[in-house]
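What follows is a single structure, written as structure tokens, with notes after it.
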Amino acid sequence: MMSCDQSDIAVWGKTMHQWAHELYPICRSITGAGVRETLDFIKVHLSGLEVHSVPSGTQVFDWQVPKEWEINDAYVIGPDGTKVIDFQRSNLHVLNYSVAIDKKLTLEELQPYLYSLPEQPNAIPYVTSYYAPRWGFCLSHEDRAQLKPGMYHAVIDSRHFDGELNYGEYFLPGESEKEVLISTYICHPSMANNELSGPMVSLALAKHLAQLPKRKYSYRFVFIPETIGAISFLSERLEWLKRHVVAGYVLTCIGDERNYSYLQSKIENTLSDRAAMHVLKYTVPEYRLYDFLSRGSDERQYCAPGVDLPVGSIMRTRYGDYPEYHTSLDDLSLVTPQGLAGGLRVCMDAIKLIEANAFYKVTVLCEPQLGKRGLYPTLSSMSLDYTDVRTLTNLIAYCDGEHDLIEIADKIKVCALDLLPTVEKLVSEGLLEKVKE
Amino acid sequence: MMSCDQSDIAVWGKTMHQWAHELYPICRSITGAGVRETLDFIKVHLSGLEVHSVPSGTQVFDWQVPKEWEINDAYVIGPDGTKVIDFQRSNLHVLNYSVAIDKKLTLEELQPYLYSLPEQPNAIPYVTSYYAPRWGFCLSHEDRAQLKPGMYHAVIDSRHFDGELNYGEYFLPGESEKEVLISTYICHPSMANNELSGPMVSLALAKHLAQLPKRKYSYRFVFIPETIGAISFLSERLEWLKRHVVAGYVLTCIGDERNYSYLQSKIENTLSDRAAMHVLKYTVPEYRLYDFLSRGSDERQYCAPGVDLPVGSIMRTRYGDYPEYHTSLDDLSLVTPQGLAGGLRVCMDAIKLIEANAFYKVTVLCEPQLGKRGLYPTLSSMSLDYTDVRTLTNLIAYCDGEHDLIEIADKIKVCALDLLPTVEKLVSEGLLEKVKE
Amino acid sequence: MMSCDQSDIAVWGKTMHQWAHELYPICRSITGAGVRETLDFIKVHLSGLEVHSVPSGTQVFDWQVPKEWEINDAYVIGPDGTKVIDFQRSNLHVLNYSVAIDKKLTLEELQPYLYSLPEQPNAIPYVTSYYAPRWGFCLSHEDRAQLKPGMYHAVIDSRHFDGELNYGEYFLPGESEKEVLISTYICHPSMANNELSGPMVSLALAKHLAQLPKRKYSYRFVFIPETIGAISFLSERLEWLKRHVVAGYVLTCIGDERNYSYLQSKIENTLSDRAAMHVLKYTVPEYRLYDFLSRGSDERQYCAPGVDLPVGSIMRTRYGDYPEYHTSLDDLSLVTPQGLAGGLRVCMDAIKLIEANAFYKVTVLCEPQLGKRGLYPTLSSMSLDYTDVRTLTNLIAYCDGEHDLIEIADKIKVCALDLLPTVEKLVSEGLLEKVKE
């Protein structure tokens, strides 16, 4: 398999993991300083990043941009005067988007505001309440069990105010105005696979593509708060995107080492789907394919009726399919340099294939005489191995200008990326010509 | 599964079985008094029924309407002077449509005119000869074995004369001129599954539909002699039917308790097929699907080349697939209130789905905000069960105006009938609109 | 199964085997006297055969017609003065198309010019070098092992000169200008399955078709050197063929008794494919189906992009799939009268079906009344066997003018050839009419 350079990839893996370390402690939400701080970090590495601001209250399709959330501190002081829950130790301890509270209550009165997971007693769960005012604390079930009866003092020093929602957009022009969309989200607090892995792989991918001497397609990367960010972005850009996007991926949960996954777009056989599935089939045959019914991220918006963008999702282990999902256990030991590198590799290969995919046609009638060009053995004998020339002649046999490379590769049962040098050689010999992108 | 009300159905089951008891003794054939008596009974319960009369000799497509058959009595007197075969005991004893005979003959001479089933020694077989003049008697193989050598006196007091062929037609107007055709046959003498079950379920279905406050489609019920009746009816109505029938079913063998079956129309994926198969898949997953090669009833006419109506057949255990078929054992112990009720339920559900099926489109771009409408939990937590909202969001995701409800339900793996309340709620919220029937 | 007459076929089998005996000793190559001698033999049996001549050096698409090869003798004299390799004993001993040589060399110096098969020690391999000048000898590995050290004298008395490439073409006119193409090759020296079987079956098939009182289609048979002959022929005839060929087969490896095989055209569902696969499915269900990726003969040219003729390949055991392939063991004990007869039978049946295939439409609405025409039992009884009338009524049910006989036969699960008498009967009854070829 002729996929991307493995040593380059390994270097990217370490870099991404280092970036993730720096971003991990920030308390992100769908709005607020955490998002901006994260975007600032990305902009350091991707200077062309444009940071958008959408005022609270703005109507975006069926939604309204919510108020901005500021969180300064949050803790619970126990009967013995010590902080039994402390936002400073983990920003998961506060119910994300909590309203302010400063209240003394008994343990019994406090219990309805506490969230823990009996089945995962050592994990702090990640819980949010964006669209209904609530306050609460999340803690491990073990810690909850230690709470003694008595009076507690719950403090959440937060506020909601008319501010802005922010997202980053990075555009990389190519030879064509047609573009590939990469979308990832930056609204999760201290968790690693879901979600720092997506932004990290997106950042590395953007830097990698920016370095290429040429690109057929333009590339648009968006770093957005999930759901409301995607809707805000689409509300701004939908008409353009519908006319220009040829393929796109949501990148999320793409940094662990367990699995590789692909979630199909609603249309199921877009260029995005075909490229990612082809690459995964030949490089990670055991990868897991999900259909659109298993969706759970921003492809919900990109593939909604009337939006209908060709967007699938490339993942390692999908959200909800690993036990650490949405808990404090989803950390930087679960997400590794190698895990991130593997995710990046699939993205690079899929994009390499999207760039290379085209319709070719042979320029001569009947089979070309390959022998005189040194492409076919001149001795005919049963003891020769014809495997390589078989792929060459199969490629030629199906290059009729009506099937693109992915389709031909599937038909002749080889990885399309492995065909690329052969295509190049045949084009340079004048035996193939590109008739359509 | 949200199919029809089960207690109503049970009441219908008892009613249908009672009706069948009253009709059971009548000696029906493809023409004659038995047919008229049966239609009279149906008209009592369905006052709008129109009884058609087609004169003997009328050319109907490739066929001629046969003479009317009158049967007064039929018996065989044995050597000892007793009636060894007697039409008064079972009208199956006479070969249906027999010519008259009054003849003394030896047992040996009589044998070629006797029909019995060695493999089912206690059953009187049902045998007909409509289009070639014959006489004969049917009896159980056990009884036949008791016949002693000697002189027999065979008498069939019947006559064939220029009369009429009759069938009943009941039309129930709906909002649309487009109609659903229900066809069943009334030419079988004393048998129950094949055939009193079809007319009984048709009658109940007609009464049920007549009671509905509104119907999208019009409904046409025909109670006809098999084959020649269907051909006569089509000969009269074909052009209209071709322009108006959107779906249709032959109802036959629909009263036993064993199985559920569906026989596809020749076109295989008509609205009739899709509705019945969808409903059966979700309510009786073990139901048996037959393709058109297994056809055996009036769908042979409705689906003939040039006729091409979208007509399948809903059955419980199909003709030929139960041992009592076409014998005296096919009686009112085989056909039960519960068996009839089950058959009726499938018809009601299929028609409910035909009525409800339509193309809907979401009215907003991106996902609608369901939380603010109380349709989605405002707290995001792994400990919640999202199954119900999953169906809701899946429905919305596929309502693009290009797939009808049956197709969407199949795609999202739920019974379409279960989606109807959700569709209604979303329509009333202004989130869905019907774009095409 | 109503396929061709088996006793006729057996006679053809013996005749073909006798022909093959006469042609076996000739040393053929892609050009030269051996090809002409073979064509002369075929012309004796097929007087209309036209022998074409294409001068060396002629440009044919991407290729040039090579020089003519003359081989007079070839041998190697061993240290003891005896001929250890002798072309007179088997023409496989010389590397086909060898340049001339007359040289004394040590065994060690000779070794690089010797070809043998260690895994098949008793077989002389068949090796060619058409497009690069080489000389060499082929021998069994056993014989090679016997060669003693010492001086050898290698002589190949051959020459290459500007001459011609020859191929035979036989055209059999039919009622239509549309034609069926049969292609086979005549460039192999003394081997039997690959390849004398193809020309022998083609010759018998041509004689058989010539004897028919009428043919719907015209037939074009070509006897050509593989690859360069096909390309030369196409270079001459392509435009005509593209407009007229409705079906075609390459016949090769069609004389052994092991297997039956079909190799699909690139388009996969042409009339050629459908007819051959249908006939094989019903007559040799265990036949082996190869897709176009397994191609290896002149279908490579006929199906090349821009050529796109509907040509598949009918074989018994495919080239490369039997151990004797391309060795001296592929002889007239492997190819038998019965093997050839079986191959011919499939060709005849496929062509019979191509000739008969058409679109029919019933002339009446609803089912025709078959009883009055003696085509349906007038007595209706469970003890009758309806299998035959079932096929009859199934045929009628699907004769809607939109599906051809092969499609209908597949649908109703009978061999299309078995339907032909029924079709004829229904046409003569006026119940079916042909609406399209």
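We did not get these values from a lab; they are worked out from the coordinates using the rules stated. This one's a predicted model, so the numbers in the text were calculated from it and none came from an experiment. For neighbour counting, all protein chains shown are included, and Cβ atoms are generated from backbone atoms with ideal geometry for every residue, glycine included.
Nothing charged except the Cβ atoms of Lys and Arg (+1) and of Asp and Glu (-1): what's the magnitude of the dipole of the stretch B:23-179 about its Cα centre? Round to the nearest 20 debye.
520
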Please report, for C:D102, the nm distances (one decimal) from its label point, 7 Å out from Cα along the beta-carbon direction, to the equivalent points in the remaining copies, shortest first.
11.7, 11.7
Distance between the C-alpha centers of the stretch A:129-199 and the stretch B:394-425? Whole Å please.
32
Report, in deg cm²/dmol and to the nearest 500, the calculated mean residue ellipticity at 222 nm for chain B, where each DSSP H run with n ≥ 4 adds -39500 (n - 2.57) and the sum is divided by the residue count.
-10000 deg cm²/dmol
Candidate aspartates and glutamates - alpha carbon under 18 Å from B:K83, same-chain residues fewer than 8 apart omitted
B:D73, B:D102, B:E108, B:E109, B:E142, B:D143, B:D157
Most exposed first by the Cβ proxy, i.e. fewest other Cβ within 10 Å, how do C:L105, B:L92 rank?
C:L105, B:L92
Can you work out the Karplus-derived ³J(HN,Hα) for every residue in the stretch B:333-349? Use 6.51 cos²θ - 1.76 cosθ + 1.60 with θ = phi - 60°, whole Hz, and x for glycine or proline.
9, 6, 8, 10, x, 5, x, 5, 4, x, x, 4, 4, 4, 4, 4, 5
For the stretch B:1-154, the fraction of alpha-carbon pairs in successive 10 Å shells from zero, as %
9, 29, 27, 20, 11, 3, 0
The aspartates and glutamates whose Cα lies under 15 Å from the Cα of A:K67, excluding any fewer than 8 residues away in the same chain, are A:D162, A:E164
Tail beyond 21 Å, pair distance distribution of the stretch C:251-366 (Cα, percent)
41
Distances in nm between the label point of B:Y24 (7 Å along Cα→Cβ) and its equivalents in the other copies, shortest first, are 8.0, 8.1
Given a Förster distance of 30 angstrom, what is the FRET efficiency for C:E437 paired with B:E177, based on the Cβ-Cβ distance and rounded to 0.05?
0.15
Using alpha-carbon coordinates alone, the radius of gyration and Dmax of the stretch C:197-238 in Å work out to 12.5, 35
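Rg/Rh for the stretch A:305-437 to two decimals, with Rh computed the Kirkwood way over all alpha-carbon pairs.
1.15
I'd like the chymotrypsin sites (Phe, Trp or Tyr not before Pro) in the stretch A:75-130 restricted to DSSP loop residues with at most 10 other Cβ atoms within 10 Å, sorted by number.
In loop regions of the stretch A:75-130 (DSSP not H, G, I, E or B), there are no sparsely surrounded chymotrypsin sites (Phe, Trp or Tyr not before Pro).
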Env charge @ A:P121, Cβ radius under 11 Å, K,R +1 / D,E -1, value -2
Considering every Cα-Cα pair within the protein assembly as shown, what fraction, in whole percent, is farther apart than 64 Å?
34
Rounded to the nearest Å, what's the spacing between the alpha carbon centres of the stretch B:208-282 and the stretch B:52-66? Just the number, please.
23
Using the beta-carbon distance between B:D331 and C:K14 and R0 = 56 Å, what value does 1/(1 + (r/R0)^6) give for FRET efficiency, to the nearest 0.05?
0.25
Determine which aspartates and glutamates satisfy two conditions relative to B:K436: a Cα distance under 18 Å, and not lying fewer than 8 residues away in the same chain.
B:E175, B:E177, B:E179, B:E355, B:D400, B:E402, B:D404, B:E407, B:E424
Dividing the Cα radius of gyration by the Kirkwood radius, what Rg/Rh value follows for chain A?
1.08
Filter on A:K214/A:K281; B:K14/B:K352; C:K281/C:K434; B:K352/C:K411; B:K266/C:K372 - keep pairs with C-alpha separation over 29 Å:
B:K352/C:K411
